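Worksheet: one structure, shown below.
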Amino acid sequence: MSSKFQLRVALFTAALAFAAAQAQAADEWHFVVSNLTSSKIVKLQVSEDKSEWGDFDVGSGIGPGKTETMVWDHSTDNEGCEQWIRAKFADGSTSEASRQDFCQNLEDPIEFSE
C-alpha cells in the first residue's frame, strides 16, 4: 500500500470516528460550563431541592477561562429539567447556586464568574 493511500484511509477513519462521537453526544443530555473566574472549578454540584447535592465528574477540573461540555449520567434521566447548580473552586470558595433549565438551550454556557 502506498503511503498516500494509507494517509487517506487514516483521515477517512478519523472523520468517521469524529462524526460518530458527535452523533452520540447529540443523543446525550448535556450542558456547557464556562469558568470566568481566576480559580479552577474542582467540583460541580446539582440539586433539585437545594438540600441534597449530586456531584459531576469534572476530571482534573475546569481551568480559568475554559469552557467544557458536561454529560449527564443516564441515572438522572428521570429527574426534572429545572435544577440548581453550583461550583466549588480550587481556592476553597463556592459559587452561589443558580436555577437552570437543563432541557433548554443546551449549548448556551452556564457562566461562573467572580
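Test residue 48 against the stated conditions and say whether it is of a type outside the set (Phe, Trp, Tyr), at pLDDT below 95 and in contact with a Gly (Cβ under 9 Å, 6 or more places away or on another chain). Criteria met by residue 48. Of all residues in the range 93-106, none are among the small types (Gly, Ala, Ser), in contact with a Leu (Cβ under 9 Å, 6 or more places away or on another chain) and at pLDDT 95 or above.
Scanning the range 79-92 for residues that are of a type outside the set (Lys, Arg) and either on the phi < 0 side of the Ramachandran plot or modelled with pLDDT under 95 (or both) yields 79, 80, 81, 82, 83, 84, 85, 87, 89, 90, 91.
The set of residues from the range 83-114 being among the polar types (S, T, N, Q), in contact (Cβ under 8 Å) with a residue 60 or more places away in the chain and more than 20 Å from residue 71 (Cβ to Cβ) comprises just one member, 113. Whether a residue is surrounded by fewer than 17 Cβ atoms within 10 Å (Cβ to Cβ) and charged (D, E, K, R) was assessed, and residue 68 does not pass this test.
The values are calculated or read from the model by the stated rules, or taken from the named source; none is laboratory data. Fair warning: this is a prediction, and the values are worked out from it, not measured in the lab. Every residue, glycine among them, receives a Cβ derived from its backbone with ideal geometry; neighbour counts consider all protein chains shown.
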